[in-house]
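First the structure, in the form of structure tokens, and then the observations on it.
The values are calculated or read from the model by the stated rules, or taken from the named source; none is laboratory data. Just so it is clear, the structure is predicted and the values come from calculations on it, not from any experiment. Here the Cβ is made from the backbone with ideal geometry for all residues, glycine too, and neighbour counts use every protein chain on show. Just the protein is used for accessible areas: all its heavy atoms, side chains included, with ligands, DNA and RNA removed. Shrake-Rupley method; radii C 1.70, N 1.55, O 1.52, S 1.80 Å.
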Amino acid sequence: GGGGGAAMADGEGLVSVDYEVYGKVQGVFFRKYTQGEAKRLGLVGWVQNTSHGTVQGQIQGPAARVQELQEWLRKIGSPQSRISRAEFSNEKKIGALEHKEFQILK
């Protein structure tokens with residue numbers, strides 16, 4: 001755990017991170033719940049099933065909110081899912097959001 005920082009002004013502190021979630025995450029409404037949680041947190045990005053049984057996507061938004069969704073992807077997921085692990089990559093600061101909403105991709 002880290003300490004708190006100063007509150008960020010609007011338009012500052014946006015980050016983008018890619019994710020992949022392993023375990024029993026397909027056929028358990030994982031994408032729908034991920035989209036719902038992202039919208040609740042005010043995040044944008046996307047989520048999709050992969051051909052090798054994982055769920056992957058990208059999250060963009062304020063750093064603190066993105067971290068909340070990362071924790072959710074690591075530990076909670078949809079009610080029937082069984083997450084074995086979540087991996088995050090390509091985390092970077094961005095100047096502006098690159099998506100308009102959080103989409104489920106086919």
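Some notes on this structure:
- Residue satisfying condition, being among the acidic types (Asp, Glu), without any contact (Cβ under 8 Å) to a residue 60 or more places away in the chain, farther than 15 Å from VAL15 by Cα and open to solvent by less than 40 Å² (accessible area, probe 1.4 Å), within set GLU37, GLU71: GLU37
- Residue pairs whose Cβ atoms lie under 9 Å apart, separated by 6 or more positions or on different chains, with the first residue in segment 11-33 and modelled with pLDDT under 95 and the second open to solvent by 50 Å² or more (accessible area, probe 1.4 Å) and of a type in the set (Gly, Ala, Ser), are GLY11/GLY95; GLY11/ALA96; GLY13/ALA64.
- Residue tally, condition crowded, with 19+ Cβ neighbours inside 10 Å and in contact with a helix residue (DSSP H, G or I) (Cβ under 7 Å, 6 or more places away or on another chain), over segment 15-33: 3
- Residue that is farthest from ARG82 (Cα to Cα), among those in segment 22-55 that are in a strand (DSSP E or B) and over 10 Å from the mean Cα position of the chain (by Cα): GLN48
- Annotation note: of ALA64, ALA96, ALA86, the sole residue that is open to solvent by less than 70 Å² (accessible area, probe 1.4 Å), part of a strand (DSSP E or B) and of a type outside the set (Phe, Trp, Tyr) is ALA86.
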